[in-house]
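Note sheet for the following structure.
Taken together, the values in this text are just the output of simple stated rules run on the coordinates, not laboratory data. These figures come from a predicted structure and were not determined experimentally. Virtual Cβ from ideal backbone geometry, glycine too; neighbours counted across all protein chains shown.
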Amino acid sequence: MVFGLGNPGRLYSGTPHNVGWDFLEYLRHNAGPAFSWKKQSSLQAETLTIPWIGEKLLLLRSLRFMNESGLTLKKVKDFYKIPAGKIIIIHDDSDLNLGKVKLANSESRSAGHHGVDSIFTQLKTRAISRIKTGVRPQNSRAKADSFILKKFTAEQKKITLQEIFPLLEKILTTLIKKSQDNS
């Protein structure tokens, strides 16, 4: 399962804080017009299953706000009986420059990301694969709250769509293949 962190609603689409959510929409779009999100109100989520390297991949978006992401993830994890080791989280990292991507290991902390804190609290583990996606504007020393909820500029959006999302696809494929090999 891949959980793309973000806030629900058009207001947040295309903002740095929603890069995980927007990446899942990119995957849905690339999967083709036959694939659409299924709202699951009881789970406070939208889910979608797409084909991925010979298997079915469950995508998850929370209908709760970012800071309560863990509540949704726990419900979905329990409903589908998915072990924590089979979950991949994709989220923004305001300390990494736009275009940088970093895998977080099980020892990594949230670095103040409240959505990640919520996940750690609800699942009672940090042993979850996370792909941290840099969203900090180049050469910026601004505080994160001054840019994470503002829309990407045209240039930043281009970098996201043409460089970051294809890179995330490659990393996702590698993580899933590794997980298959360990099964």
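Each label point was placed 7 Å from the Cα along the Cα-to-Cβ direction; for A34 and A127 their separation is 3.8 nm. Length gained on full extension, K102 to A142: 12.3 nm, using 0.36 nm per residue less the C-alpha separation. Taking amide H positions as modeled 1.01 Å from N, with prolines and chain starts lacking one, the residues under 5 Å from D93 and 5 or more places away or on another chain are T133, G134, V135. Under a Gaussian network description of the chain, with springs only between Cα atoms under 10 Å, the residue in R141, R61, R109 that fluctuates furthest is R141. Overall form of the chain: rounded. Here a/c, set by the Cα gyration tensor axes a ≥ b ≥ c, is under 1.5.
So between K81 and S179, what do we pick up on full extension, going 0.36 nm a residue minus the alpha carbon distance? Display every interim value, and only then the final one.
Working: separation 98, 0.36 × 98 = 35.28 nm, distance 1.64 nm.
So the extension gain works out to 33.6 nm.
Take E163, project a point 7 Å from its Cα along the Cβ direction, then tell me which residues of region 1-36 have their backbone nitrogen under 20 Å from it. Within reach of a label on E163, which here means backbone N under 20 Å from a point 7 Å along Cα→Cβ, region 1-36 contributes 14-24, 26-27.
Let's see if you can work this out: charge +1 on each Lys and Arg Cβ, -1 on each Asp and Glu Cβ, no other charges. What is the dipole magnitude of the chain about its Cα centre, in debye to the nearest 20?
On the way: 29 positive and 16 negative charges, 37 e Å.
The dipole of the chain has a size of about 180 debye.
Partner lysines whose Cα lies under 26 Å from the Cα of K77, excluding those fewer than 8 positions away in the same chain, are identified as K38, K39, K56, K86, K102, K124, K132, K170, K177, K178.
Given a Förster distance of 35 Å, report the FRET efficiency between I53 and T153 from their Cβ-Cβ distance, rounded to the nearest 0.05. All intermediate terms of the calculation are to be shown ahead of the outcome.
On the way: r = 33 Å, r/R0 = 0.96.
That pair, I53 with T153, gives E of 0.55.
Pairs of Cα atoms nearer than 8 Å and 6+ residues apart set the relative contact order; for region 2-181 it is 25 percent.
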